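What follows is a single structure, written as structure tokens, with notes after it.
The values are calculated or read from the model by the stated rules, or taken from the named source; none is laboratory data. Owing to the predicted nature of the structure, the values given are computational and were not obtained by experimental measurement. Here the Cβ positions follow ideal geometry from the backbone for every residue, glycine too, while neighbour counts run over all protein chains shown. Ligands, DNA and RNA are excluded from the accessible area calculation, which covers all protein heavy atoms including side chains. Shrake-Rupley method; radii C 1.70, N 1.55, O 1.52, S 1.80 Å.
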Amino acid sequence: MPEPIDPSPISSASIRGQLDRILAFPELQASDRRRDMLRYVVEESLAGRAAELKATTIAMAVFGRGSDFDQQSDPIVRLEARKLRRDLDNYYAESGRDDPIRISIPKGHYYPRFDLQKVAGPGPEVAMVQPNAPDRRELGLFKRFSFSEGVAAIAGVTLVTALLLWTMRPEGGAPDTTGVSEQSVAILVEEFAARTGDEVEALVASGLSNEIAAALIRFPDLAVHLANDQVAVAPDAFAHNDRHPRSEFKVAGGVWREGEMLFIRAELIRRNDSEVLWSERYMEGAENQSITDIMDSISSEVASTIGQQYGYALRDARATSLQNRNDPSLRGFACVASAKLYRRTYHRDEYQAVRDCLEATVREDPDYGRAFAMLAYLRNDAARFGHEQELSKAAAFDLARQAAIRALELEPRDTDALQAMSHVEQYAGNMDRSIEFARLAVEVNPNDPAALANLAIRYGIAGRFDEGVPIMRDAIDRSVAPPPFYFHLLAIDHLMKKEWPEMQLAAEQASADGWSLGQALLAIAHTELSNARAAREALTKMAQLDPPLAEDPRGWLEGHSLAPVVVDAVFTGITKARTVLDE
């Protein structure tokens, strides 16, 4: 058996510096647990204990397992190590390719390997991602300056565009004259990175990544994948990555200010030889160009250039949706972006700032449909999560419905507006109408993973798992970093089937980033797998995150309109977990 690598040729300080560089990189797709695992194995190796890094020691130190851990019945360490290797490979394939030290986990082992890398000379590509960009969930900006100051503040933004494009290459490298629609070009739109770390930049950058992805989706020959860096990547058990095409192109860019002018640059780069296929600089306000115009132009140029690579003009289905549109202010654009970030985690401490910003946006810009759609979500959350203190629950839900209706009046085929109305109908108890609005969103954008996931969740809430689970797996496959709540449906499906190891893996994902239901499902799975310590930890976190769920699980579940069979299964599981732990 190979011996662990002696790190002595490279100083411990240098290795720790490289570790910090990796963990600080905002686009690193590893979950918090895999980050903890990486730090643990590196520190143990530097302390001279690399030979002691076994599945059992890692399970106890990182994953909360007890001394009775059995890696045959509980494959958590093996599976997470596999995903950690992939995370590191992805990091070094892109942003880490010029780092001085490479940290890897050899296959079949858990100890790390440290190698010096040859740093290539400067090429045509400029590294734009800042490793120490702040957590984009910090929304204090809405408390620090007034609405009237917003546009001026955002006009001072410097932000960076970073999009990776994945494509399916024709055999032999020849142009595909049969039409790209038969072999879609898949594009990965990564989370934009803000250059200076300003909070407003982070929000605008996130909004741009979402909106450009949405614009590209409207080309039927493109399959668009949107990546976010805040949540765990789908587990191997659910992500059929062999269906993902290989990456051949990359789009990168940046935004900066010169005086009072805001500039945006975008480039399309072919990855195998780093040739710049297209490059353009835009100035907001020049020739009456709005930020929406710029996004449309970027998406059109990207699609056109990719089509030329295949000898085929990509179809553009956007024309009808671009008529009579409303161009938001940058301030409103940032507010909508903040709402989209909030909706990935539903962190309670972010709610009021996002809600206040959206309310101000629709007052100033009453024709901004996307803002009304996001506001419908936030008003709905006020009722279902108990944020509303002055209005009755019925009155709060009615406010949400008003916002959703206005969003659909302004943009009847906007996927966010349709999904918002599906949420409203769910909490009104109209599941058939909820599912119908969710279906309409998928019809508008069948490549949109958010629309697919929304439909899958509605089916799951109605107890129709046979219909919902395949759609959710499709949504996860289309997402490089799906939000944790995508995995609630899969975990509950495994619960209903008593597939405990599979349920645990899905619940690990569902519990990431503060999801109380995910913690409840994780506690149930650990109880069934006799992981008492981990089950107790999950129940404690559930109670801390969501006291109403801990105090009245059945009432909480019924309040979310879940089908009786789902309520009974989850309630029974939580009750059993508590009973076993109390014995």
Fill in: Residue among 545, 557 that alone is within 26 Å of residue 456 (Cβ to Cβ), modelled with pLDDT under 95, open to solvent by 20 Å² or more (accessible area, probe 1.4 Å) and not basic (Lys, Arg)
545
Worksheet item: In the list 488, 494, which residue meets the criterion of being more than 12 Å from residue 523 (Cα to Cα), in contact with an Asp or Glu (Cβ under 8 Å, 6 or more places away or on another chain) and without any contact (Cβ under 8 Å) to a residue 60 or more places away in the chain?
Response: 494
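When the residues of region 423-461 are narrowed to those that are of a type outside the set (D, E, K, R) and not in a helix (DSSP H, G or I), which ends up surrounded by the fewest Cβ atoms within 10 Å (Cβ to Cβ)?
429
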Worksheet item: Just wondering, is there one or more residues in region 67-77 that are crowded, with 17+ Cβ neighbours inside 10 Å, under 25 Å from the mean Cα position of the chain (by Cα) and acidic (Asp, Glu)?
Response: no
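Report the residue count in region 52-61 for those that are in contact (Cβ under 8 Å) with a residue 24 or more places away in the chain and under 23 Å from residue 20 (Cα atoms).
Total meeting the criteria: 2.
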Worksheet item: Quick one: which helices (runs of 4 or more DSSP H) sit completely within region 71-157 and have at least 1 residues that are modelled with pLDDT of 80 or more?
Response: 76-93
Item to complete: Determine if region 493-500 includes at least one residue that is in a loop (DSSP other than H, G, I, E, B), assigned by the TED database to the domain that holds residue 568 and touching a Phe, Trp or Tyr at 6+ places or on another chain (Cβ under 7 Å).
Response: no
Practice prompt. Among the numbered conditions (1) in a helix (DSSP H, G or I); (2) within 27 Å of residue 70 (Cα to Cα), tell me where residue 530 comes up short.
Written response: (1)
